[in-house]
Amino acid sequence: MRLKPRQVEAFRCVMMTGGITAAADAMNITQPAVSRLIRDLEEATALTLFERQGARLVPTLEATHWYREVERLYLGLDQLTRAADDIRKHKNVVLRIASVTSLVRPYLHRAILDVIGGRFDLPLVIDVENSRHIWDMVENHRYDLGFAFGSPQMSDKTALPLHNSQAVAAVAPGHRLASRDVITPAELRKERVLMPGRNSPLRLALDRAFASEDHAPASTMETSMLNCCCFAASGMGVGIVDRTSIVASGADLVAVPFRPGIEVSYFAIRPSGTVRMPVLEQLVSRMRELLVS
């Protein structure tokens, strides 16, 4: 038997008011009707929700646990009601933006200040996530705008190119490879290579580069591009990153071109089928200006 909303409402009213009589008044129905709803609910859930002590209903431990779940449901319904009201009144439209770590500072930080800093009418949610998560969430309309890594061929009406650059080997100034004109996989056989996560387009290309030349590094560490820069500056190893990430890290590093060449592309991505918001278009334009300057 499926639960009926009226049964759940009766249960909630009894729990909140403490008895059948008050629950009946709150629901504007008779006391026998409330009792019948509770009996049907117990049958549907196969739970004993109340102990009957004379005319009183005393909640069981099962009822207490289930009430917590019911309250979560009603809290969610209240939030949906408020959201519908806000949308109807064009009030509190929250902009949800996500970015990979490498673009947060100084780029997204500066763009947000320039475009939205003085607008109190635009509540913001800014998440920092990996590229795969951002692409998925934007595709499912969970973010209004995302800034992420991608492959050059990903450019389409929902993915706007922001900036392209070539991968570099980032090393501390005193590192033995800091004076090289280029760095190849063969020169990293005795090094710890700091590289981005496995879902990153840069990482996929980097894996192919090492495999094709049959030169594996002595050790590897997988982390964000920003962390690669910070660890490289501390002498932990050689980070394979891009110049944008180096700027974002603020680390003291020497950037040596990596060969074979690997293109690193950044995109602004938007949900398909949505109405373009001028403020988000301005934000994308400002991000592009900052990245190429």
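General observations
- Amide H contacts of D127 (H built 1.01 Å from N, in plane; Pro and chain starts excluded): I97, A98, S99 sit under 5 Å, all sequence-distant by 5 or more or on other chains.
- Tail weight of P(r) past 29 Å, computed on alpha-carbon pairs of the chain, percent: 55
- Note on L80 and L47: the extension gain reaches 9.0 nm, defined as 0.36 nm multiplied by sequence separation minus the Cα-Cα distance.
- For the stretch 168-261, a Kirkwood hydrodynamic radius built from all Cα pairs, placed in the Stokes-Einstein relation at 10 °C and 1.306 mPa s, yields a translational diffusion coefficient of 125 µm²/s.
- Dipole magnitude (debye, nearest 20) for the stretch 5-88, charges at Cβ of Lys, Arg, Asp, Glu: 120
- Charge dipole (the chain, unit charges on Cβ, about Cα centre) - positive-most of V168, F258, Q282: Q282
- Each of D242, D252, D40 was scored by other Cβ atoms within 10 Å of its Cβ. Arranged with the fewest first, they read D252, D40, D242.
- Theoretical FRET efficiency, 1/(1+(r/R0)^6), r = Cβ-Cβ of E213 and S234, R0 25 Å, to 0.05: 0.35
- Where labels lie 7 Å past Cα in the beta-carbon direction, separation of H65 and Q166 in nm: 6.3
- Fully extending the segment from V182 to L124 would add 16.6 nm, taking 0.36 nm per residue of separation and subtracting the current Cα-Cα distance.
- The stretch 168-261: antiparallel DSSP beta bridges as a percent of all, rounded to 5: 50
- What you get for the chain, charging only the Cβ of Lys and Arg (+1) and of Asp and Glu (-1), is a dipole of about 260 debye around the Cα centre.
- With a simple spin-label model that places each label point 7 Å from the Cα along the Cα-to-Cβ direction, the separation between T21 and H109 comes to 6.4 nm.
- The order of the peptides 115-126, 5-16 by mean Cβ neighbours within 10 Å, most packed first, is 5-16, 115-126.
Taken together, the values in this text are just the output of simple stated rules run on the coordinates, not laboratory data. Bear in mind that the values here come from a model prediction, so they are computed numbers and not experimental data. Cβ atoms come from the backbone with ideal geometry, glycine included; neighbour counts cover every protein chain shown.
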